[in-house]
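Contents: one structure, followed by commentary.
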Amino acid sequence: MNLACIPADGAAAHGDRTALWFEGRAISYAELERQSMVAACALRERGVGAGDRVAIRLSNSPAFVAAYFGALRLGAIVVPLNVLLAPPELEERIVASTPVTLVDDELPVEGDPVREIVPRGARDPAVVLFTSGTTGRSKGAILTHGGVRAAARNAADALALGSDDVMLGAAPFSHVLGQSTGIVSTLLVGGAISVVRRFEAEQTLATMTRTRTTILLGVPTMCIALCQAARGIAPLPPVRIAHVGGAAVPEGVAQDFERTFGGDVVEGYGLTELSGIATTFPVGRRRKPGSVGVPLGGTALGIRDPDDHGVGEVMFRGPSVTPGYWNDPEATAGAIDADGWLATGDMGRVDDEGDLFLVDRRKELIIRGGYNVYPREVEEALYSHPGVLEAAVVGVPDETLGEEVAALVVPRPGSSLAVDDLRAWCRERVAAYKYPRRIVFVDELPKGPTGKILKRAIDRSVVEG
């Protein structure tokens, strides 16, 4: 069940076929396997063995893929880290996962290859992927070899992925979507990944055209930007499916993309704790505006404590569900019940045909351009400034990003706060996509009887637009 067998099997079955496109270069399955074996050698020389954690902090690139499978080859557990993490966030994840080594530069591409693959079972940990809960505290979700494989197979089946498909690898490989669906699903079926180090619409569109990309994996803002970049451009890539998640897709955006590229736009829903995509519209199933589709494969969907309208907390159970959080039994017990049901914290309902409709995201969660931003993390950065007395971070609508991060701040008496200075303060303490672009100073924040700040009572018009 070791996931490292996937590129190995691909090299044995069709070694000359392209596995990765990167910056105008084609990397075959045989070459990817060789790079993974050499990466395993470099990691073993650093003392990495079965069960050890290997932190990888690399942008989307063949180097990430080689290090990922090289670590798994040794029976190690991969800890992917977003390159945008601020130093305190990076330190928090390193302390929690205690990796033997941190890969933040490309490993050697030449050396003695490690040919053997350490056997791993379906329930053995393959990845510890950090995700913030509604409290903002970082938690390392354990993804197993069997769980990632199951989620990847479900996605491949739903999207009808085949060996002729080229997947756009723009979703961060440090994110579950970029890994499970972007890398593993594609290599599982013998397809190719068009790797994009960083999404920039014009350059990405040119890459998609050059590599004849057929599957777009991303967020609504990518669809908007690509449509704008495609105006007056010909030829365009032969996109047949745009699988979009992370935020609701406005119907107008979906229609514009379908007119521009000719492919279908389908929404999906997944979580780090689900090892990837859990629901979507399989090829051939009619898309319903506002819905994120039906559960895939052996995944069971439930609604806990539904109200009169059938709305309740969305629950999942199945082979792709995490067994828990790394060294965090309290968080595990709070998220997964005795029967193996994962509580997502999202509210939704299921219609008569089994399609899931999300009616509310996790409490207070902001989704900015497909990235999860948890207000408490940003608020902690604000509160660390000596001139801040109180702060509340909320999401406000944004036409391009879906939501923007905004902060209402009560200055400490006698302080001389400036918006630009406070924004810069936050940029040094949280990832680039998290810091508040909009900051407004106020005299007070609404509070309840116990003194708790009531975000639902905040007048968000003061930080909109």
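The values are calculated or read from the model by the stated rules, or taken from the named source; none is laboratory data. All values reported here derive from a predicted model rather than from experimental measurement. All Cβ positions, even for glycine, are placed from backbone atoms using ideal geometry, and neighbour counts span all protein chains on display.
List of remarks:
- Within the stretch 389-423, the only residue that satisfies the criterion of being under 14 Å from V378 (Cβ atoms), free of Cβ contacts under 8 Å to residues at least 40 places away in the same chain and not in a strand (DSSP E or B) is R423.
- Exactly one residue out of R429, R368, R437, R349 is over 19 Å from V249 (Cα atoms), at pLDDT 90 or above, buried (at least 17 other Cβ atoms within 10 Å of the Cβ) and within 28 Å of the chain's Cα centre (by Cα): that is R429.
- Hits in the stretch 424-436 (condition: in contact (Cβ under 8 Å) with a residue 40 or more places away in the chain and either among the acidic types (D, E) or over 21 Å from G370 (Cβ atoms) (or both)): W425, E428, R429
- G290 touching a Phe, Trp or Tyr at 6+ places or on another chain (Cβ under 7 Å), at positive phi and of a type in the set (G, A, S): yes
- Sub-8 Å Cβ pairs linking a first residue in the stretch 327-345 that is under 17 Å from F130 (Cα atoms) to a second residue that is in a helix (DSSP H, G or I) and among the acidic types (D, E), at least 6 apart or interchain, are A335/E273; L342/E273; T344/E273, ordered by first then second residue.
- One residue stands out in the stretch 126-154 among those that are touching a Phe, Trp or Tyr at 6+ places or on another chain (Cβ under 8 Å) and in a strand (DSSP E or B): the one that is nearest to I56 (Cα to Cα), namely V128.
- Any chance P125 is more than 21 Å from Y29 (Cβ to Cβ) and surrounded by 18 or more Cβ atoms within 10 Å (Cβ to Cβ): yes
- Flag for F199 being under 20 Å from the mean Cα position of the chain (by Cα), surrounded by fewer than 22 Cβ atoms within 10 Å (Cβ to Cβ) and not small (G, A, S): yes
- Helices (runs of 4 or more DSSP H) within the stretch 22-100 that include 1 or more residues out of contact with any Cys (no Cβ under 9 Å at 6 or more places or on another chain) and under 26 Å from M167 (Cβ atoms): 29-45, 62-73
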